[in-house]
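The values are calculated or read from the model by the stated rules, or taken from the named source; none is laboratory data. Bear in mind that the values here come from a model prediction, so they are computed numbers and not experimental data. For neighbour counting, all protein chains shown are included, and Cβ atoms are generated from backbone atoms with ideal geometry for every residue, glycine included. Heads up: the accessible areas ignore ligands, DNA and RNA and are worked out on the full protein's heavy atoms, side chains in. Shrake-Rupley method; radii C 1.70, N 1.55, O 1.52, S 1.80 Å.
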Amino acid sequence: FGCRIEYLRETKPLGTGGPVGLLDPPPEHALLVMNGDLVTECDVGRLLDFHEEGGHAATFAVRPHSVQIPFGVADVDGDRLLAVREKPTYRMLINAGMYVLSPAVVGMVEKDRELPITDLFTACIESGLSVGAHVVEQEWADIGRHDDLSRARGEGLT
């Protein structure tokens, strides 16, 4: 596919973002970073286009996720019941484990320093940099747990 793949080796654990600081030389173009425990059909081209067209310093891929509470939920203020919601479903956007970083953001990562990649995004936001949130609608599964891996293998992606 015209790709060149190189591997970085950590001499100590650097977290999800720290290994980016090992890049030598630093990238000249946007860098795609993905967690290693994903199975996805994400259109990476769309993710990169979103990042570039939005002029973002960093882009965080997100995915819709719902959680249904199997009980009625009580909204309480002190000792007063305000409302009851029966088995509500909460909808949110979750971290999809895919990120695009501009060369300037890569330069923010200190060499040989442990760094969760989410902390890098927090630093970008606090610095006033443009941070995009790209919604991934395609098939996606985090297979970091055995039951998730089994489900991805046997029942398709969820």
Problem set entry | Residues that are in contact with a strand residue (DSSP E or B) (Cβ under 6 Å, 6 or more places away or on another chain), among the β-branched types (Val, Ile, Thr) and over 15 Å from GLY132 (Cβ atoms), drawn from the range 7-60 | VAL39, THR40
Exercise. Restricting attention to the range 28-57, which residues are under 20 Å from the mean Cα position of the chain (by Cα), part of a loop (DSSP other than H, G, I, E, B) and over 21 Å from THR122 (Cβ atoms)?
Worked result: HIS29, GLY36, ASP37, GLU41, CYS42, ASP43
Seminar exercise, completed: Going through the range 53-87 in order, the residues found to be open to solvent by less than 40 Å² (accessible area, probe 1.4 Å) and charged (D, E, K, R) are ARG63
Seminar exercise, completed: The one condition TYR90 fails out of (1) loosely packed, with under 12 Cβ neighbours inside 10 Å; (2) outside any strand (DSSP E or B); (3) of a type outside the set (Val, Ile, Thr) is (2)
For this session: Please enumerate the residues belonging to the range 60-96 that are touching a Pro at 6+ places or on another chain (Cβ under 9 Å), more than 30 Å from ASP49 (Cα to Cα) and of a type in the set (D, E, K, R).
Result: LYS87
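Could you tell me which residue of the range 53-90 is farthest from GLN138 (Cα to Cα), considering only residues that are of a type in the set (Val, Ile, Thr) and in contact with a His (Cβ under 9 Å, 6 or more places away or on another chain)? So that I can check it myself, show each step before the final result.
Within the range 53-90, the first condition is being of a type in the set (Val, Ile, Thr), and the residues that meet it are 59, 62, 67, 69, 73, 76, 84, 89.
Then drop every residue that is not in contact with a His (Cβ under 9 Å, 6 or more places away or on another chain), which leaves 59, 62.
Working: THR59: 17, VAL62: 11 Å.
Filtering first and then ranking leaves THR59.
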Problem set entry | Residue in the range 61-83 that is touching a strand residue (DSSP E or B) at 6+ places or on another chain (Cβ under 6 Å) and assigned to a loop (DSSP other than H, G, I, E, B) present | no
Problem set entry | Answer residue from the range 105-142, given it is among the hydrophobic types (A, V, I, L, M, F, W, C) and assigned to a strand (DSSP E or B) and is surrounded by the most Cβ atoms within 10 Å (Cβ to Cβ) among those | TRP140
